[in-house]
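Worksheet: one structure, shown below.
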Amino acid sequence: MNERGNTILKRMDTYIGIPLVFLLSLLRRRKREIPQDPQSIVIIMIAAIGDTILLSSILKELRYLYPNAVISIVCSKGNIQAAKNLQEINDIVTFDLSKIMRSFLFLKKQRTFNLLLDFGAWSKLNAIISYMIKADYKVGFKRKRMYRHYLYDRTAEHLDTLHELENYRNLLRSLGCRLQGFLPEFVVSSKSSTKVNRIVDPNQRYIVFHLFASGSHKEKKEWHEDYWIELAHRFICEDYHVLFTGGPQDQEETDRIVRKVASSECISLAGKLSLEETAILIKKVNLIVTVNTGVMHLAAALETRIIALHGPTSPDRWGPVSDKAVILTPQIKCDSLLSLGFEQHQCVIKEGCISTISVDEVYRAVKYYHENGEKLAKTSNLF
């Protein structure tokens, strides 16, 4: 089952999830006290790769605050690869969205935790998972018209005006925690570098292109393939090798685009690398052009140079947490921007606002990087 952008799951979450949350709220135990030194903590994060990478900074905060705690995470098949690279996690529990009842029964058999932290912002499923897990104290987000906060002992307001990382931090601050401001990270093992070392010649110049977004409005966050083809030709003419990345679901489309580029210096790696191997590739190449998606957050966590293309999403809300990113935004402004990703959205032009970012802008952004050194402040509409 496709977990991201699944219409059936979203409808079930709304029409079954809301009344179920209300019902379960009548049964939950109240007036519990915040644990002062939790020794077992469970995190709920069944969202996408990018959200999981942002979560890595929160896990570092938890490890700093509670160095002896055993930290577990409940994740889904969609983000388990990212969860495996979270350094502070002691145990991973996979919640199978295609076998929800079996997964709930499995959660009920888990031990009791001192503290539960749910980092889901809208899904009622997250709240129901929180209810099923035995924990002394439960913390989650409260958000207008989401009707999911009734199952927590304490809530933090989830706001569109904040970057998602700052929303995550506020969940900890709601417990009175003083934070260190750790940044996201993604640690890779040298054992996974063999395949990448066969691809990347240290004597050649490379640039990575990542074309694909995810979620309900993925097509509105993606740049037109003709732009990618033109950009690839420009860099190939300057003796770059262009490497296209993507998941297994992107392989057919990526192969088709690479055939259109028609150059031996252009290679499709979509579906051929694991997430960790993709991270090693991005780190080694140290230059990526990407739309706003999980790979963008991955590149930021790796401290790689990024040219980030934003469509109907605000960089202030979802931009890369990096000082090595040039952010390019549309030349027109939509009436409303996507915050959670699934809201109703109608772009002011048929082609989508991201189409107003030109090939020239992206090309000049890469050139700007080379001329101005490694360290850049995040900037919108530089060109």
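The values are calculated or read from the model by the stated rules, or taken from the named source; none is laboratory data. If you're wondering where the values come from, they're calculated on a predicted model, not measured in any experiment. Neighbour counts run over all protein chains shown; Cβ positions are idealised from the backbone, glycine included.
Taking the stated definitions as given, is Ile92 in the same structural domain as Pro38 (by TED's automatic domain parsing) and crowded, with 18+ Cβ neighbours inside 10 Å?
So Ile92 fails the test.
Out of Val261, Val289, Val295, report the one residue that is buried (at least 24 other Cβ atoms within 10 Å of the Cβ), at pLDDT 95 or above, of a type outside the set (S, T, N, Q) and more than 21 Å from Asn85 (Cβ to Cβ).
Being buried (at least 24 other Cβ atoms within 10 Å of the Cβ), at pLDDT 95 or above, of a type outside the set (S, T, N, Q) and more than 21 Å from Asn85 (Cβ to Cβ) holds for just one of Val261, Val289, Val295, which is Val289.
Filtering the range 326-344 down to residues that are buried (at least 20 other Cβ atoms within 10 Å of the Cβ) and more than 16 Å from the chain's Cα centre (by Cα), which residue is farthest from Leu165 (Cα to Cα)?
Pro330
Confirm whether Phe182 is part of a loop (DSSP other than H, G, I, E, B), surrounded by 18 or more Cβ atoms within 10 Å (Cβ to Cβ), at pLDDT 90 or above and not small (Gly, Ala, Ser).
In short, no.
Looking for something of a type in the set (A, V, I, L, M, F, W, C) and either part of a helix (DSSP H, G or I) or surrounded by 17 or more Cβ atoms within 10 Å (Cβ to Cβ) (or both) - is there at least one such residue anywhere in the range 27-40?
No, the conditions are met nowhere in the range 27-40.
Taking Lys124 as the residue in question, decide whether it is farther than 18 Å from Arg317 by Cβ, over 25 Å from the mean Cα position of the chain (by Cα) and at pLDDT below 95.
So Lys124 does not fit the description; no.
Counting just the residues of the range 270-286 that are hydrophobic (A, V, I, L, M, F, W, C) and within 25 Å of Asp360 (Cα to Cα), which one comes out surrounded by the fewest Cβ atoms within 10 Å (Cβ to Cβ)?
Val285
Check the range 310-325 and report whether any residue there is surrounded by fewer than 16 Cβ atoms within 10 Å (Cβ to Cβ), of a type in the set (S, T, N, Q) and under 24 Å from the mean Cα position of the chain (by Cα).
No - not one qualifying residue is present in the range 310-325.
Pick out, from the range 50-157, the strands (runs of 3 or more DSSP E) lying fully within it that include 2 or more residues that are within 22 Å of Ile18 (Cα to Cα).
70-75, 115-118, 138-142, 154-157
What number of residues within the range 340-383 are in a loop (DSSP other than H, G, I, E, B) and modelled with pLDDT under 70?
Residues in the range 340-383 being in a loop (DSSP other than H, G, I, E, B) and modelled with pLDDT under 70: 10 in total.
Check off (1) over 16 Å from Val289 (Cβ atoms); (2) hydroxyl-bearing (Ser, Thr, Tyr); (3) crowded, with 18+ Cβ neighbours inside 10 Å for Thr254 and give me the number that stays unchecked.
Among (1) over 16 Å from Val289 (Cβ atoms); (2) hydroxyl-bearing (Ser, Thr, Tyr); (3) crowded, with 18+ Cβ neighbours inside 10 Å, the lone unmet condition for Thr254 is (1).
Only one residue in Ser130, Ser103, Ser174, Ser193 is over 24 Å from Arg305 (Cβ atoms), in contact with a helix residue (DSSP H, G or I) (Cβ under 7 Å, 6 or more places away or on another chain) and of a type in the set (Ser, Thr, Tyr), so which one is that?
Answer to the selection: Ser130.
Go through (1) assigned to a helix (DSSP H, G or I); (2) crowded, with 19+ Cβ neighbours inside 10 Å and name the single condition Lys191 misses.
(2)
List the residue pairs whose Cβ atoms are under 9 Å apart, where the first residue sits in the range 96-120 and is farther than 26 Å from Arg63 by Cβ, the second is assigned to a helix (DSSP H, G or I) and among the small types (Gly, Ala, Ser), and the two are 6 or more positions apart or on different chains.
Listed pairs, sorted by first residue: Asp96/Ser103; Leu97/Ser103.
I need the full set of residues from the range 181-210 which are more than 21 Å from Gly319 (Cα to Cα) and under 22 Å from the mean Cα position of the chain (by Cα), in order please.
Val188, Ser189, Ser192
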